[in-house]
Amino acid sequence: MVKKLMVSACLLGEPCRYDGGSKPVAALCDLREKAEIIPFCPECAGGLPIPRPPAEIQNGTGEDVWKGRARVVDRKGIDRTDAFCEGARKSLALYQQHQPDWVITKANSPSCGLGQIYDGSFSGSLRSGNGVAMALLLESGARIMTEKEFMENQNQIMDEEN
Ligand code: SF4
């Protein structure tokens, strides 16, 4: 069976990052012929423009955002929580529609981060936790790894039985 992977769009070279750039990973871009790839970008799906001011979760994690204990605020001080949550819900809907084997997600992002995210200080520092979209997908039982984990385990992942 062809492997089905839902992948953060910026890792596939789509210029959807806050600065209008992308973070292409050759190992993922090259998979387009061998696997079914479903790109997603929660921040764009939530209606945020490209480019946009960078945003980070203040005083918490993606899980805290869903519990109403933390907000996502951009560098200009504008609260972007609603857009981040809307994009996460749309990403979950895409996941439920396609039922991918794995979600490959961009490390550290306030939306896509897994295990570690920027700490809200806009200094490049990290804290433990998940981004807003990954917190929601994890709750739904999705199997998720960052692009770094994918690069370390890609042969095993592509060979595993569905
Ligand atoms: S929200 Fe995710 S997919 Fe979109 S640019 Fe940020 S890290 Fe990439």
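Computed from the coordinates by the stated procedures, all read-outs in this text should not be read as laboratory data. Note that the coordinates shown come from a computational prediction; the quantities given were computed from them, not determined experimentally. We place every Cβ from the backbone using ideal geometry, glycine too, and count neighbours over all the protein chains shown.
Some observations on this one:
- Here segment 23-51 is the region considered, the condition is being surrounded by 15 or more Cβ atoms within 10 Å (Cβ to Cβ) and assigned to a helix (DSSP H, G or I), and the residue that is farthest from the ligand (Cβ to nearest atom) is LEU31.
- Of the strands (runs of 3 or more DSSP E) lying entirely inside segment 71-124, not one contains at least 3 residues that are surrounded by fewer than 23 Cβ atoms within 10 Å (Cβ to Cβ), without any contact (Cβ under 8 Å) to a residue 60 or more places away in the chain and of a type in the set (Val, Ile, Thr).
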